[in-house]
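Notes to accompany the following structure.
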């Protein structure tokens, strides 16, 4: 039976019987803008999904008119009056954003990077706007499905800032360096069609949420151990270290060959039936 819960009154998490986790940013009156509660809910939701072996794929979307409008603008007002006390989150997560509170990251960075650590594929379904920190949250996903008229922007320069929630790290595998620089230096807004052409978006869809759910459901029919291995492998590949990539290929494949779910994938294909996979432990 599907389960549903609210996390921090900012995110609705629904997990279906087939293992699709539906993550909905739930602050429609503020276009799902990032406040303290939203940052914490993103972290808590991502970390909870990391501990759920029954989850096979994740779809992340925004309630109402937008995916995420970025940082709550009231935080920028605080910066204008007390600039020395705050970073891009205006002191909301930590007075000193250089302190590493979550591995290599601070808390605001972890709100985006945690989605790269969720062991299964994550698809961001983007409509309306994904500006600044909202774009960086979407960048934490494996895939980004967007509407043609979605608007996406590396907006930090507007506020005299730089992307600081993992954006510089996450964009570098998606777009050429000069394109990243142009978008970062200018804060230029691109629509969904241009975003796909640049590499910022994966697919343009009239209904990205439904398309993302369809892709996620297709993934639930695959060996869950292989899905998790593929995510680990491709995360290493993004680091662009040839030796690490080749070793990761060998390590992940060695663990999969002959495993129970891998054998079940072979049997199901040979017997022309739906596979019956066991959950990863």
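Any read-out appearing in this document is the output of simple, stated calculations on the displayed coordinates, not a laboratory observation. As the structure is a computational prediction, the values presented were derived from the model and not from experiment. Cβ coordinates were reconstructed from backbone atoms using ideal geometry, including for glycine residues, and neighbour counts include every protein chain displayed.
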Subject >> Over the chain: helical MRE at 222 nm, DSSP H runs n ≥ 4 each giving -39500 (n - 2.57), nearest 500 >> reply: -12500 deg cm²/dmol
Original post:
Among 131, 67, 277, what is the fewest-to-most ranking by other Cβ atoms within 10 Å?
Top reply: 277, 131, 67
**OP:** Evaluate the relative contact order of the chain (contact order divided by residue number), counting alpha-carbon pairs under 8 angstrom at least 6 apart; express in whole percent.
**Re:** 16
Original post:
Of the beta bridges DSSP finds with both residues in the chain, what % are antiparallel, to the nearest 5?
Top reply: 40
